[in-house]
Amino acid sequence: MSIDAVLSRISEIRSQIDTLQGRSTASTAAGPATSSPSSAAFADALATATGTGASSATAATAAAAGAGPSAFATPATSVDAGRGTIATGSGATGDDVVAAAKKYLGVPYVFGGETRAGMDCSGLVQTVFKDLGVTMPRVVPDQADMGVAVPSLAQAQPGDLIIPKGEGHIVIYLGDGKVLHAPRPGKDVRIVDNWYSEGDIATIRRIVPSAQEAAATAATKVASTVGAAGATSTTDLQTAALKSLLAAGSAA
């Protein structure tokens, strides 16, 4: 190979590298603008796969963008319920809380009870979360301090806990205006219409992520993985071009 040919080849490769670097910079600059649509696409796909529907997908996308319930939640990887955090360590979601609670329908109310032989309202809550691998305190006042506060009934999601003023009772919100609870002696664990108004409620607590938040988190992780894969591909091309440049220089 002549010197002129080598120099020409070097110029071509340098031009290729400059082009690749320009594309990489443009991709990085466009990241924030494109991450939301990507997350939306993955959230929609995830919602379809899990049967949560279009409305859940939309809410999941909003949560991924920092809007909605997840905006006031600080995730915690612990399986223990904690103050001001959402426990994610068990992998359980609000939908899992609902499913686990329904297994105890018909169990009689027994003050201080925590088993199928009988349980009270806080015993039911503690047992349900225990079944999901999440440690919860035993009595209502302590349970009312766990997780994060949900601002209103309008923002409550299935699996959230509703505690009335006075903290003498606790119910599990099921969605669609329904709650599940262990009422009082002579009654059993049952599903009823939520009778609490905003003025009756001391606090609403979210202990584990709602299904929408979990879907949004999963979608964001997938989008990040795809983005990282694309960046790696660009780096590989740059490396190949540099190797070619070095080989051409060595041949000269």
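Ranked highest first by average number of other Cβ atoms within 10 Å, how do 186-195, 211-220, 102-111, 153-162 line up? It would help to have the intermediate numbers written out before the result.
On the way: 186-195: 13.4, 211-220: 24.4, 102-111: 15.0, 153-162: 21.1.
The densest-packed peptide leads the list: 211-220, 153-162, 102-111, 186-195.
Through the Karplus equation 6.51 cos²θ - 1.76 cosθ + 1.60, θ set to phi - 60°, convert the phi angles of the stretch 97-104 into ³J(HN,Hα) values in whole Hz; use x for Gly and Pro.
Karplus values, whole Hz, x for Gly and Pro: 4, 4, 4, 5, 5, 5, 5, 9.
Let me check I've understood the local charge: for K103, count other residues with C-beta under 10 angstrom from its C-beta, Lys and Arg +1, Asp and Glu -1. What total comes out? If you can, show how the numbers build up before the last one.
Working: positive: K102, R116; negative: D131.
Within the 10 Å Cβ shell, the charges total +1.
I'd like to compare 172-184, 89-101: which one has the highest average count of other Cβ atoms within 10 Å, and what's the full order after that? Provide the component values of the computation, followed by the final result.
Working: 172-184: 19.0, 89-101: 21.1.
Output ranking for 172-184, 89-101: 89-101, 172-184.
Each residue of the stretch 110-124 in order: what ³J(HN,Hα) in whole Hz does its phi give by Karplus 6.51 cos²θ - 1.76 cosθ + 1.60, θ = phi - 60°, with x for Gly and Pro?
So the J values, rounded to whole Hz, are 9, 4, x, x, 9, 10, 5, 6, x, 7, 9, 4, 6, x, 4.
Which cross-chain or sequence-distant (5 or more) residues have an amide H under 5 Å from the amide H of A202, H modelled 1.01 Å from N in plane?
Correct list: I163, K165.
Rule-based calculations on the coordinates, nothing more; no lab input. In this text the structure is predicted, and so the values were computed from the model without any measurement. Ideal geometry is used to build each Cβ from the backbone, glycine not excepted, and the neighbour counts take in all protein chains shown.
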